[in-house]
């Protein structure tokens, strides 16, 4: 596994998008993606489905609105990715449900194998070092969720602190549109370390965003 201290900048160029029912292939190494074929939007941004302007589609399975993955910029061989799901108070549970959806839909890089269940994936992640030489280039590379005061570490998704939310979005109540502007810019993370934040509509919690750079 690459050293988690290697900081990487995610770039919005060559970004390819899909809804939760399609598969997006990686662009970093020319390798084939998973076996589930789906339509490609040709680099156009995925529009939020339902919920009004900037709203989150809470009718999708596991309340997943969309996901997007791009080449990893300065992170050789890695992929930048992000997901938005409908809001629920337990962000850790939302992460678990999102991973189940991504796994079931096959929307991940299959270089490390195909997995029938999260239990099988967990076994491989915990026991086979070779997994991390390929990984899934998706949120399936994350193993733990922690709150704002938790540590940044390999395979951990940490929710942003209030000061980080303000620094990233300019205020305390980022919307889906705010997140889209943020993710299209240059954002700095350590490879293998995930982040999450609550998204709002009309001042009320409306969604959860997850993002990171992972893969090797």
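Subtracting the Cα-Cα distance of residue 161 and residue 204 from 0.36 nm times their residue separation leaves 13.7 nm of extension gain. Taking 0.36 nm per residue of sequence separation and removing the Cα-Cα distance, the residue 149/residue 119 pair yields an extension gain of 8.0 nm.
When you count the other C-beta atoms within 10 angstrom of each residue and take the mean per peptide, 95-104, 162-171 line up highest first as 95-104, 162-171. In summary, the convex hull built on the alpha carbon positions of the range 114-190 has an orientation-averaged projected area of 6.6 nm².
Readers should treat all values here as calculations from the given coordinates under stated rules, not as data from a laboratory. Small disclaimer: the values here were computed from a predicted structure and weren't measured. Note that each Cβ is placed from the backbone with ideal geometry, even for glycine, and that neighbours are counted across all protein chains shown.
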